[in-house]
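Undergrad: This structure is in structure tokens; I'll ask about it shortly.
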Amino acid sequence: MIYDNLLILIALAKVCTGTLLPRSQSRYVFKPEAQSTFRNSHVPELVDFADSQYDIDLGSSYWLSSYITSTNGKQYLAISHVLTQKEQDTKCRSSILDLKTLDYWVDLTYCTPQAKATTVAEKASPLNLDFGTYGYKATSEDGVSKMAAFVETTDYSINLSWEATSKVMLNGGGGIIGFGDRPANATHWGIPSAKTEGSLTIGDEVVEIEPKSTFTWYDRQISWGVPKNWTWFQVNFPGTAIKASIWAFETETQSKQFATIRVDESIHILAYTLTPDMTKTWTSPNTNVTYPLSWRLEFDNGDYLKVNSVRPDQEMYGSRHIADSAYEGMGMREEPKD
């Protein structure tokens, strides 16, 4: 079976002025942004950030990807993704990837749904989403500037807090995108490079985070429609102010491929064409889904990216239904040969 569900790939891309080190040099350069506020002072948003933090009956997505340098020099990618859905158990997904050895730990837990905050009184307090083993909460009065998240599994734990020291990513230019068959849309915004503190625990090892060399991308989405399948690339360009949130999705009647590029406070929307390389694939032994491991993104302005997964198996497997599983992992840009 060729992939027909959810694929999320986090990519690190090197540009001419970037500071990303080749893997042979064993270390990546991670650095949080240092803005005094996450709000864009020029481009107006179409969403209320604090209000959109609360879950809705149709369901929504809470996501973080933390690019971690530990105090002992080891580097990791940690992912947490809580996906709530109407009349279904919440899918709580997470993983940790050692960026040198590519050792990988992954979990998907079916969490019991929480009651939704619907009244003004319920929304008077900052977000506190607690599923017992997974959680997200706001720790500042504005509900966004300071946040924390935790994951507890039998093999590892993730305990992180972050400050919104990064200008907001306003997907679609204002924080709303079409998502699914018309007129369905989604609220989608993120804090792409937040200052981060905390720790990981892997087995018996406690990994303390070095905040100066770590950043977190927090991503928030509320959807009033669901495409048949979708792919999302979160692309970081180390050493620059460039962040990219890149979507491709299909419905029964249409296919859409577009990128939101944030450069400091400027927002650019680019059309592109996504071509998966089906000569490089991995088939899951759990779901029998075949995922591509390499993608070419050709933009209308003439630029392109070729992104390769850093390890084949980055599937988060859900045992109840094939659509519960998702490929959520890390890729790297392939350097041009010419």
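Undergrad: Figure the gain on full extension for residue 142 and residue 48 (residue separation times 0.36 nm, minus the Cα-Cα span) and round it to one decimal in nm.
TA: Result: 32.8 nm gained on full extension.
Undergrad: Apply the Karplus parameterisation 6.51 cos²θ - 1.76 cosθ + 1.60, with θ equal to phi minus 60°, to every residue of the range 98-107 and state each ³J(HN,Hα) to the nearest whole Hz, in sequence, with x for glycine and proline.
TA: 6, 7, 9, 8, 6, 4, 9, 10, 9, 8
Undergrad: What ratio of Cα Rg to 2.2 N^0.38 Å holds for the range 253-316?
TA: It is 1.38.
Undergrad: Relative contact order, percent, of the chain when contacts are C-alpha pairs under 8 Å separated by at least 6 residues? Walk me through the numbers before you get to the answer.
TA: Numbers: 869 pairs, mean separation 71.0, N = 338.
It comes to 21 percent, rounded to a whole number.
Undergrad: How much net charge surrounds residue 92 when only other residues with a Cβ under 12 Å from its Cβ are counted (Lys, Arg +1; Asp, Glu -1)?
TA: Combined, the nearby Lys, Arg, Asp and Glu give -3.
Undergrad: For the range 125-142, what does the Karplus curve 6.51 cos²θ - 1.76 cosθ + 1.60, with θ = phi - 60°, yield as ³J(HN,Hα) per residue in whole Hz, taken in order and with x for Gly and Pro?
TA: 9, x, 3, 9, 9, 10, 9, x, 9, 9, x, 9, 8, 8, 10, 10, 5, 7
Undergrad: Using the alpha carbon gyration tensor of the chain, what are the three equivalent-ellipsoid semi-axes (square root of 5 times each eigenvalue), largest first, in whole Å?
TA: For the chain, the semi-axes come out at 26, 24, 23 Å.
Rule-based calculations on the coordinates, nothing more; no lab input. All figures in this text were calculated on a predicted structure; none of them were measured in a lab. Cβ coordinates were reconstructed from backbone atoms using ideal geometry, including for glycine residues, and neighbour counts include every protein chain displayed.
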